[in-house]
């Protein structure tokens with residue numbers, strides 16, 4: 001069940017702050033750690049002693065952040081990474097090998113798409129993409145033995161809303177790992193409770209809110225002693241770790257098969273800054289999700305012909321019914337405005353006074369960016385169409401400002417077209 005905002009306000013503030021000694025989280029910048037004796041060193045490397053080994057595979061400041069986010073997501077444990085893409089790269093490189101296939105459901109952020117369709121493909125991992133409601137394709141791929149399913153809780157920038165519970169149930173029926181990118185919807189959706197196995201975030205976004213801390217994190221469920229999907233033969237290459245580490249196996253799988261060798265480790269100071277952001281996350285998420293729906297409604301009623309606003313809270317959205325049923329507290333800070341052509345989109349953006357033009361989302365400030373000429377500039381037309389990127393599409397991330405003032409600024413910008 002989704003918790004209310006008061007639950008998270010209490011959980012996050014109480015988890016980040018300390019009652020005695022330094023109240024704020026302590027930053028541990030050391031790259032290396034001393035061991036008390038040879039026996040302790042042996043135990044640390046074997047995973048039997050819970051003390052820092054080396055900063056690439058574990059840092060006390062990162063560990064504090066990991067514990068908080070794991071509780072926030074209702075997971076067993078977590079691993080902080082250098083960026084959101086680092087979290088995705090860690091999970092995919094740890095779990096997949098040449099000859100495997102990953103099924104991608106819905107539209108994707110450009111970096112995720114290229115990770116799957118270019119980088120992983122170069123290393124022999126094939127892929128298949130489908131729309132969020134193409135359940136015939138989803139089930140066919142699951143029956144055929146696909147190794148992993150990857151999706152976003154909210155399509156970025158398509159804003160398509162998947163039926164996470166139905167997809168999770170199918171993945172569990174066919175014993176297939178489900179990874180959900182929950183970057184846009186922390187606190188709003190709890191994919192692990194819906195049946196997902198791994199949740200990833202770019203903590204750079206909503207979690208921190210201040211654009212000062214690049215980071216990512218992956219959260220894992222506990223592995224069951226019997227009947228877990230990781231015991232399926234298609235995950236045989238993981239069984240050595242699963243059989244040894246039991247319920248905590250996801251964490252050593254990722255550390256031994258990705259973090260240790262590739263090193264997408266979080267920076268301690270970045271984790272510290274992320275924790276400062278987490279203290280106000282619930283307050284910010286509650287306000288922003290009310291604001292984005294309000295701004296979308298004002299623009300829907302007042303934008304001139306030829307400019308289209310899209311958000312699932314609008315009755316015209318193809319996912320409006322799912323928004324009402326599955327996203328009662330909102331679906332994140334994103335909305336889109338389609339000006340029809342790149343030239344009109346540029347003119348609109350250049351006329352804005354309040355929005356910051358940047359590639360980030362989930363910031364305390366309102367942000368905006370033309371998609372085709374930036375993040376998706378090297379994508380072909382067919383791929384952009386599948387991902388929901390039209391020629392005049394502007395992605396907007398609503399911030400903490402007065403929603404009436406945000407809408408007023410957008411409406412005055414529309415007057416220049």
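The values are calculated or read from the model by the stated rules, or taken from the named source; none is laboratory data. Everything quoted here is computed from the prediction, not taken from an experiment. A quick note on method: Cβ atoms are made from the backbone with ideal geometry, for glycine too, and the neighbour counts reach across all protein chains shown.
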Region 247-282, subset closer than 30 Å to residue 6 by Cβ and not in a helix (DSSP H, G or I), residue nearest to the chain's Cα centre (by Cα): 266
Helices (runs of 4 or more DSSP H) contained in region 1-106 and holding at least 2 residues closer than 29 Å to residue 189 by Cβ and more than 17 Å from the chain's Cα centre (by Cα): 5-16, 60-73, 84-95
Meets criteria (part of a helix (DSSP H, G or I), farther than 16 Å from residue 170 by Cα and in contact with a helix residue (DSSP H, G or I) (Cβ under 7 Å, 6 or more places away or on another chain)) for residue 112: yes
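Which is touching a strand residue (DSSP E or B) at 6+ places or on another chain (Cβ under 7 Å), surrounded by 24 or more Cβ atoms within 10 Å (Cβ to Cβ) and modelled with pLDDT of 95 or more, of 149, 189?
Working: 189 fails: touching a strand residue (DSSP E or B) at 6+ places or on another chain (Cβ under 7 Å).
Unique residue meeting the criteria: 149.
Inspect all residues belonging to region 386-395 and state whether any of them is over 25 Å from the mean Cα position of the chain (by Cα) and not assigned by TED's automatic domain parsing to the domain that holds residue 160.
yes
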Selection status of residue 168, outside any loop (DSSP other than H, G, I, E, B), touching a residue at least 12 places away in the same chain (Cβ under 8 Å), surrounded by 17 or more Cβ atoms within 10 Å (Cβ to Cβ) and in contact with a helix residue (DSSP H, G or I) (Cβ under 8 Å, 6 or more places away or on another chain): yes
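From 324, 314, grab the single residue that is in contact with a helix residue (DSSP H, G or I) (Cβ under 7 Å, 6 or more places away or on another chain) and surrounded by fewer than 21 Cβ atoms within 10 Å (Cβ to Cβ).
314
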Selection count, region 333-364, where residues are more than 23 Å from residue 300 (Cβ to Cβ) and within 19 Å of the chain's Cα centre (by Cα): 5
So residue 312, is it farther than 17 Å from residue 58 by Cα and more than 23 Å from the chain's Cα centre (by Cα): no
Residue list for region 227-246, filter: on the phi < 0 side of the Ramachandran plot and either in a loop (DSSP other than H, G, I, E, B) or outside the structural domain of residue 181 (by TED's automatic domain parsing) (or both): 228, 232
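Report, by residue number, each residue of region 343-360 that is in contact with a helix residue (DSSP H, G or I) (Cβ under 9 Å, 6 or more places away or on another chain), exposed (fewer than 15 other Cβ atoms within 10 Å of the Cβ) and within 13 Å of residue 395 (Cβ to Cβ).
357
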Some residue of region 383-398 being closer than 15 Å to residue 288 by Cα, outside any loop (DSSP other than H, G, I, E, B), at pLDDT 95 or above and out of contact with any helix residue (DSSP H, G or I) (no Cβ under 9 Å at 6 or more places or on another chain): no
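Among the residues of region 210-226 satisfying the criterion of being within 14 Å of the chain's Cα centre (by Cα) and part of a loop (DSSP other than H, G, I, E, B), which is surrounded by the fewest Cβ atoms within 10 Å (Cβ to Cβ)? Steps first, answer last, please.
Applying the first criterion (within 14 Å of the chain's Cα centre (by Cα)) to region 210-226 yields 214-220.
So of that shortlist, the ones also part of a loop (DSSP other than H, G, I, E, B) come out as 214-215.
Values: 214: 19, 215: 27.
Among residues in region 210-226 that are within 14 Å of the chain's Cα centre (by Cα) and part of a loop (DSSP other than H, G, I, E, B), the one surrounded by the fewest Cβ atoms within 10 Å (Cβ to Cβ) is 214.
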